[in-house]
Structure formats: C-alpha cells, structure tokens
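K.L.:
Please find one structure pasted underneath; my questions will follow.
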Amino acid sequence: MLRFVVGAAGVAVTGFGAWLLFGAGYVRDPWEVVVWLVGAIVLHDGVIAPLVLAVGLLLAALPARGVLRTALIVCGALTLIALPPLLRPGAPTNPSALPLDYLRNWLLTLGAVAVLTAAALLLPRAARALSKWPARHRSRPEEKARAARCDKP
C-alpha cells in the first residue's frame, strides 16, 4: 500500500512539473527539452558513471578509502552546485543575482574539504603514534603530584 501511495505521489509531482514546464510557457520548443534530457543521459552514462566507477576501483585498494570517498562525494556535490555560475562568468544582467566570486569561493571550499580530509587521515595516525610513545616521555599530572608529595621530608 505504501509503495502505491509513494508511486502515486511521484507521478503527481512529475505531472505538476511537466505542466509547469510546458503549460506555463517556459519552453518555446519542446524538442530543446528532449535534446537536453538525452544529452544529460549520455553525459551521465557515458562519462560520469564510468569515471566514478574507475575512481572507486582505484580507491578500493587503499586503507583509508572511506574518508577519501566521502571527500570526493562532497567535492562532487559542491562542484555540481557551483557549476552553473562557474560556466557563465562575467557580470549577470541582474547584479543582485550572483553578487559573489563563485570561482574563489568554490576553490576555498574545495581547499577546506582537502584540509579536513588530511586531518581525518593524519590525526588517528598521530594519536596511535603518541599512544606508543614510552611512558617516561609522557607527562602525567597525577604522577608529578605524587612524586612531589613523596619528596617532602
């Protein structure tokens, strides 16, 4: 029953979207939409999906593949969000529409993802290395306090 309700809601939303697209006069030539949809399918199935599978295959051999996959997914999502303003450089007709420097902000965000990924990869190794450090080199406040009490006459 739930599957039927969800499917009916999906069909209703798709119909509403088609009505808005074609019925409200946003599209002058429906063939442009067909060409765009076919191009999107070809781009996804011919370029994006094989590229993602190849990168996943290369990452499968690495011990930190989960962190790297997460970083790549985040970078891909950020790129998809930033792609429309990046592909149309220059001043927009409405100056309030795109007032920010999207290329700089996109690169800064990708840099932040790279820094966080490096931290996620390096901090556990540093913690393991410190835990293996000999006890005489570690500073323990309770041992220092006990030693100070024992030294008093």
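The values are calculated or read from the model by the stated rules, or taken from the named source; none is laboratory data. Computed from a predicted structure; not experimentally measured. Note: ideal-geometry Cβ built from the backbone for every residue, glycine included; neighbour counts use all protein chains shown. When the accessible area is computed, the model is the full protein with side chains, heavy atoms only, and any ligands, DNA or RNA have been set aside. Shrake-Rupley method; radii C 1.70, N 1.55, O 1.52, S 1.80 Å.
K.L.:
Order F16, F22 by their accessible area, 1.4 angstrom probe, all chains in place, largest first.
P.N.:
Output order, biggest surface exposure first: F16, F22.
K.L.:
Take the Cα of L123, step 7 Å along the line toward its Cβ, and report every residue of the stretch 49-63 whose backbone nitrogen sits under 11 Å from that point.
P.N.:
The answer is none.
K.L.:
Could you sort R28, R69, R128, R3 by their accessible area in this structure, using a 1.4 Å probe and putting the largest first?
P.N.:
Values: R28 235, R69 100, R128 130, R3 205 Å².
The most accessible residue leads, giving R28, R3, R128, R69.
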